[in-house]
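Below is one structure; the comments refer to it alone.
The values are calculated or read from the model by the stated rules, or taken from the named source; none is laboratory data. Computed from a predicted model, the values in this text were never measured in an experiment. Please note: Cβ atoms are built from the backbone with ideal geometry, for glycine as well, and neighbour counts cover all protein chains shown.
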Amino acid sequence: MALPTPKILIAEDEEVNVMIAQHILKKLGFETVAVENGEKAVKEVQKEQFLLILMDVEMPFMDGLEATSIIRKHPNGKQTPIIALTAHSLPEKIAQIKAAGMDDVLIKPFEENSFRPILEKYISRT
């Protein structure tokens, strides 16, 4: 019986950013699940374990900071790397993101070269 392929969760409300992230991650050999808000991200994490979560900071219904806080309390999310997707690079904003429980930050707009260091840092491929 084959084991399920680990996936990366993308929580992002901007469709273009989702398409770019999915394209890059597919090219790098990863499967993805995409949702458009933090509430849906929490539900996905409650259903399955992800290799990594890319979490937009500002989304409707539930933002990425609140979603991360909830995900960190769930067994599937305690150790999962959560990478913030944001256009904000001010030190105060980065501190707020890290205080919410996110592991790192990927500044938008992003491209393949910005994904590689994050993936290499948080995902060990065997």
Legend entry - When residues of the stretch 6-33 are limited to those that are among the small types (Gly, Ala, Ser) and surrounded by 20 or more Cβ atoms within 10 Å (Cβ to Cβ), the one farthest from Ala95 (Cα to Cα): Ala21
Legend entry - Qualifying positions in the stretch 81-96 - over 20 Å from Met19 (Cα atoms) and modelled with pLDDT of 95 or more: Pro81
Inset, instruction - Could you tell me which residue of the stretch 77-100 is farthest from the chain's Cα centre (by Cα), considering only residues that are part of a loop (DSSP other than H, G, I, E, B) and buried (at least 18 other Cβ atoms within 10 Å of the Cβ)? - result: Ala100
